[in-house]
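Heads up: the structure comes next, in structure tokens.
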């Protein structure tokens, strides 16, 4: 992959805090342009420390990183990044609009971008209200608006659905997905795997500060083919003939065949030839949670 | 730099906390600089000695407004100036907004510079507010107590104003530095106000009366006694043993060194430290 296709690229990025705690250990992370990349891991795995290093809030102990083509924290790079790390933080006595005006001034951004950003996160009706009176969901949306105001190449969002009610989670998820399809690169970090499963194109698993796995979400979730048919005995015989006995398992009354979707047509033909009545044949998927547990338990 | 300064100015101008500090400064000046003296002069002049009456008339007259604005409220005003420094720098930690601002784009040195420019601007405005309040109060006193309407020379006013600004920015820088060191406004207040009211207000006064020369000289190295000296030498305040022995030039130099040192160390901390 050409380096310019990567918006985030780290090499052996390491952070050891004073006191000796190793928060991030030789992290090699690559986020491609235009994708929604999910960094998942348990609490304390090093996700937020990684994000803080990427935006220059903390300095790595060793290793290097390039973010939007610049070293972390360089003003030229920060202008291309919109970030909300941990909870959004704004001035409680200012209105939502004035908080964004402060951000616009800081970033030398035209003030008209404030209205656009407020509209994008559906906060225009509440823009005059004091930030201190906002609900958690509104605060999160204002945080995203502040990140969007720069029209960034890269959005870094840390636990964006944290504390939101179900409606707020749906809205935030929709917003992130729309940003991903609008050409932004999104690096999103969360321990809510069900949310990440609905948002991300690719994901990395971080545990004890190390990136222990990285994959396309669709590939990782693939769990073979799920087949139901009658009579079951004849289905098994036909499947054993085409895929081998070791590739077949039975779960909840269905046959799970360890095969990819390319083999589906061949299996279908074999079942038809065997005179089986096929009631269901589809790719089986695991949840991201199952994938995550398999990866992390395998490491422990 | 202009953008971040505009951002900082917007925050400061809309801050109810800074407006409260400004109001407190006016109240302190009115109460300690004019209110009590005016009340005594207007309500019960018969209870005052001729010397007291002369002294009050001199303090309340327009000719003394610059000295009143510069020094009469003394340490309380300086404590409020320290609070301004904490509010502008330390509040960011309370709201967790510093990291958010650092991620927007400007370099950390630019962020520090913008905050310092706005801090200086706010401090100058607050000093101006004191001078305007003192002028208005002295004119009202002149009308109600039949005092002469003679104003001090523009040079005297300018010198007093500059001295007040130097003292104010020194204390505000002290507040900024403690906020950056402790990353928490509450601890900065605790440490700073303890220093101001225990050491500068009490301990240095006691030390200055010591029989040992080396101990007597010790306070001359600290901002409080030099602020008192500067005020005293420009005709304001009540003075002290240290004030009597310290020239205006030396006092101004010591304050300027403290101010620059506080800002320099503060900038180095902000630029170099991890913001977790």
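The values are calculated or read from the model by the stated rules, or taken from the named source; none is laboratory data. Computed from a prediction, not measured in an experiment: that's the story for all the values here. All Cβ positions, even for glycine, are placed from backbone atoms using ideal geometry, and neighbour counts span all protein chains on display.
For the range A:25-36, the criterion of being within 22 Å of residue A:142 (Cα to Cα), crowded, with 21+ Cβ neighbours inside 10 Å, modelled with pLDDT under 95 and away from chain B (no Cβ under 13 Å) is satisfied by at least one residue.
Residue by residue, here is whether (1) free of Cβ contacts under 8 Å to residues at least 40 places away in the same chain; (2) in contact with a strand residue (DSSP E or B) (Cβ under 9 Å, 6 or more places away or on another chain) holds:
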| site | (1), (2) |
| --- | --- |
| A:107 | no, no |
| A:114 | yes, no |
| A:133 | yes, no |
| A:137 | yes, no |
| A:143 | no, yes |
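Counting only helices (runs of 4 or more DSSP H) that sit completely within the range B:14-79, zero hold 2 or more residues that are within 14 Å of another protein chain (Cβ to nearest Cβ), at pLDDT below 85 and surrounded by 14 or more Cβ atoms within 10 Å (Cβ to Cβ). The residues of the range A:37-56 that are crowded, with 23+ Cβ neighbours inside 10 Å, touching a helix residue (DSSP H, G or I) at 6+ places or on another chain (Cβ under 8 Å) and more than 17 Å from residue A:160 (Cβ to Cβ) amount to a single one, A:56. With the condition kept exactly as written, say whether any residue in the range B:124-140 is outside any loop (DSSP other than H, G, I, E, B), within 14 Å of chain A (Cβ to nearest Cβ), at pLDDT 90 or above and in contact with a helix residue (DSSP H, G or I) (Cβ under 8 Å, 6 or more places away or on another chain). Within the range B:124-140, none of the residues are outside any loop (DSSP other than H, G, I, E, B), within 14 Å of chain A (Cβ to nearest Cβ), at pLDDT 90 or above and in contact with a helix residue (DSSP H, G or I) (Cβ under 8 Å, 6 or more places away or on another chain).
For the structure I just gave you, tell me whether residue A:204 is out of contact with any strand residue (DSSP E or B) (no Cβ under 6 Å at 6 or more places or on another chain) and either outside any helix (DSSP H, G or I) or under 21 Å from residue A:119 (Cα atoms) (or both). Spelling it out, it is not the case that residue A:204 is out of contact with any strand residue (DSSP E or B) (no Cβ under 6 Å at 6 or more places or on another chain) and either outside any helix (DSSP H, G or I) or under 21 Å from residue A:119 (Cα atoms) (or both). Filtering the range B:85-108 for residues that are away from chain A (no Cβ under 14 Å), more than 15 Å from residue B:267 (Cβ to Cβ) and either crowded, with 21+ Cβ neighbours inside 10 Å or in contact with a helix residue (DSSP H, G or I) (Cβ under 6 Å, 6 or more places away or on another chain) (or both) leaves a non-empty set. The helices (runs of 4 or more DSSP H) found wholly in the range B:193-259 and carrying at least 2 residues that are modelled with pLDDT of 75 or more and within 19 Å of the chain's Cα centre (by Cα) occupy B:223-233.
Residues that are under 36 Å from the mean Cα position of the chain (by Cα) and crowded, with 16+ Cβ neighbours inside 10 Å number at least 3 in the following helices (runs of 4 or more DSSP H) confined to the range A:220-300: A:264-273, A:288-299.
When the helices (runs of 4 or more DSSP H) confined to the range A:38-135 are screened for residues that are closer than 22 Å to residue B:270 by Cβ, within 11 Å of another protein chain (Cβ to nearest Cβ) and modelled with pLDDT under 95, those reaching at least 1 such residues are found at A:47-54, A:75-78, A:96-106. The sole residue among A:107, A:69 that is in contact with a helix residue (DSSP H, G or I) (Cβ under 8 Å, 6 or more places away or on another chain) and under 22 Å from residue A:11 (Cα atoms) is A:69. Of all residues in the range A:4-20, which are in a strand (DSSP E or B) and over 17 Å from the mean Cα position of the chain (by Cα)? Across the range A:4-20, the qualifying residues are A:10, A:11, A:12, A:13, A:14, A:15, A:16.
For the range A:125-145, the count of residues that are more than 30 Å from residue B:16 (Cβ to Cβ) and buried (at least 19 other Cβ atoms within 10 Å of the Cβ) is zero. Taking residue A:173, is it surrounded by fewer than 20 Cβ atoms within 10 Å (Cβ to Cβ) and under 11 Å from the mean Cα position of the chain (by Cα)? Yes: the conditions hold for residue A:173. Within the range A:136-153, the set of residues being farther than 18 Å from residue A:178 by Cβ, modelled with pLDDT of 85 or more and more than 14 Å from chain B (Cβ to nearest Cβ) comprises A:138 only.
Looking only at residues that are touching a residue at least 40 places away in the same chain (Cβ under 8 Å) and surrounded by fewer than 23 Cβ atoms within 10 Å (Cβ to Cβ) in the range A:9-22, which one is nearest to residue A:293 (Cα to Cα)?
A:22
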